[in-house]
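Participant: Below is a structure I'd like to ask you about.
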Amino acid sequence: MFLTIILFLVLLSLLVLVHEFGHFITAKKFGVGVEEFGIGFPPRIAKFVRNGTTYSINALPIGGFVRIKGDIADERDPEKLRAEDSFANKPFWKKTLMLFSGVGMNILFSMVVLTIGFLIGLPQVFDTPPDNGTIEDLGVRVTMIQDGSSASLVNLQPGDQILSVNGTSIQSVEQLQRWIREHPDQQIELAVEHKDTTETLTPRISRNETGEGILGVGLVLSGTVSYPILTAIGLGIQTTFILLWEILKAFALIIVNLFSGISPGENVAGPIGIAVLTGQVASLGFVYLLQFSALLSLNLAIFNLIPFPALDGGRILFAVVEKIRGKALRQQVEGWIHQVGFFILLLLVLVITVRDVRSYSDRILEFFGSIF
C-alpha cells in the first residue's frame, strides 16, 4: 500500500506538472510574465531565479503550479494588471490559447505515452493477428468465468492462457470452442499458464440444452504487439482521440445524470480510489501503467475543460464573455466567482473521498497497521 501511495503521488505530480508546463511555456512564448514555476506546493525547499522567473521545489509532492503575472491572484494589484507583460492585457486569442495550453499538454502527453507503448508493445485483443506489427505471447486467454460453471469449479481465472486441451495445442478461440462443443460430458485436461506458472486443470465439460458441450468461459485471442515508429505514432494519435471521445461521452452522461437526480455511484473515483486503481494497474506491468497514465491524463484534460469556475474551462468561458461584451468583468468579481467554484470543487472531492474511504476501509486500515 505504501508503494501504491508513492506511485500515485509520482503519477499525479507528473500529470499536473505536464498541465502546468503547458501554461508556462505558452505564457513565455506570448511574452507574459511568469513569476514562479513550482514543483510541489509550499513550504518551499529550494529555488533559483532565471530570466525573472522563480523556479522552486516545494515540500508537498502533489503536482505543481505556475504563477502568471496579471492573473486572478493579482486582482488587488492594479500595477501588475496594467503592466505590458500582464496576462490581463493580452488579446482574447492569446488568453484563450494560454488557458487551453494545459489541456493541450495533457493530450500531447497521452499521445507520446501511447506511442511509446505501441513501440515497446501493448497487450491487444484481436480476431486475427495484425500483419504490420511484431507479436509476442500470442495465445487464447480467459476473460470471464460464468458462476457455477465447470470452469469455476477448477479455479480457472480471468487472464489465464489456455495452452492445450488433452495434449492438443490451442492456436485460436474458434479451435477451442469447437473442441468443447464436440466433447460434452467429458472430463478434459487443460494446460493453463497462470501468473507465469503452468498448471493442469481437469474440468468436466457440461452439456447445454442443444446437446453441445459448454465450459462456461469467455475467451479472446490476445498478445503483446509492437509496431514500427511511424505506425506507432499514428496509432498513438488515433487511440488518444478515440479515448478522448469515450471520456467526453462518459463525462456528459455523468453531468446529465446529476441534473436528472441520478447518482454517478461507482463511476466517479476520488484520490483514494485513483490511488488504489494505480496500484492495481501497476501490479499488472509497466505497459499497463503507461496506458493508465495516458487515460488519467486525458481525464484531467477533459475535467479541466468543464466550463466551471476555477477550472480552465471556466476561465475560457469568462474570456469569451469578455470578448462578446467588449469589456472585461471586474477582476475582483471574477476572482470571487473562481474562489467560490474552487471551494465547491474541494467539497466535491471531500464527499467522493469519504465514499472512497468507506469503500477501501480494509486496505486503509491494513496500511496504517503496517506502519504502526
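Participant: Can you tell me which condition Glu246 does not meet? The list is (1) surrounded by fewer than 16 Cβ atoms within 10 Å (Cβ to Cβ); (2) in contact with a strand residue (DSSP E or B) (Cβ under 8 Å, 6 or more places away or on another chain); (3) at pLDDT 90 or above, and all the others hold.
Facilitator: (2)
Participant: How many of the residues in segment 137-194 are closer than 13 Å to Leu215 by Cα and free of Cβ contacts under 8 Å to residues at least 12 places away in the same chain?
Facilitator: Total satisfying the criteria: 2.
Participant: Could you identify the single residue in Leu81, Leu14 that is modelled with pLDDT under 95, assigned to a helix (DSSP H, G or I) and within 28 Å of Val333 (Cβ to Cβ)? So that I can check it myself, show each step before the final result.
Facilitator: On the way: Leu14 fails: within 28 Å of Val333 (Cβ to Cβ).
After applying the criteria, what remains is Leu81.
Participant: Please state which one of Leu81, Leu60, Leu9 is under 30 Å from Val225 (Cα atoms) and either surrounded by fewer than 20 Cβ atoms within 10 Å (Cβ to Cβ) or without any contact (Cβ under 8 Å) to a residue 12 or more places away in the chain (or both). Explain how you work it out, then say what you get.
Facilitator: On the way: Leu81 fails: under 30 Å from Val225 (Cα atoms); Leu60 fails: under 30 Å from Val225 (Cα atoms).
The match here is Leu9.
Participant: Where in segment 110-186 are there strands (runs of 3 or more DSSP E), lying fully within it, with 1 or more residues that are in contact with a Pro (Cβ under 9 Å, 6 or more places away or on another chain)? Don't jump to the end; show me each part of the working.
Facilitator: Working: elements: 122-125, 134-145, 161-165.
Strands (runs of 3 or more DSSP E) meeting the threshold: 122-125, 134-145.
Participant: Please work out if Glu20 is within 28 Å of the chain's Cα centre (by Cα), of a type in the set (D, E, K, R), more than 21 Å from Ala301 (Cβ to Cβ) and in the same structural domain as Lys90 (by TED's automatic domain parsing). Even if it seems obvious, please write down each step before you answer.
Facilitator: Values: within 28 Å of the chain's Cα centre (by Cα): yes; of a type in the set (D, E, K, R): yes; more than 21 Å from Ala301 (Cβ to Cβ): no; in the same structural domain as Lys90 (by TED's automatic domain parsing): yes.
So Glu20 does not fit the description; no.
Participant: Quick one: count up the residues across segment 86-102 that are surrounded by 23 or more Cβ atoms within 10 Å (Cβ to Cβ) and in contact with an Asp or Glu (Cβ under 8 Å, 6 or more places away or on another chain).
Facilitator: 3
Participant: Same structure again: Does Gly38 count as buried (at least 17 other Cβ atoms within 10 Å of the Cβ), farther than 19 Å from Ala27 by Cα and not β-branched (Val, Ile, Thr)?
Facilitator: Taking the combined requirement at face value, the residue does not satisfy it.
The values are calculated or read from the model by the stated rules, or taken from the named source; none is laboratory data. Only a predicted model underlies this, so the values are computations on that prediction, with no experimental measurement involved. With ideal geometry, Cβ positions are generated from the backbone for all residues, glycine too; neighbour counts draw on all protein chains shown.
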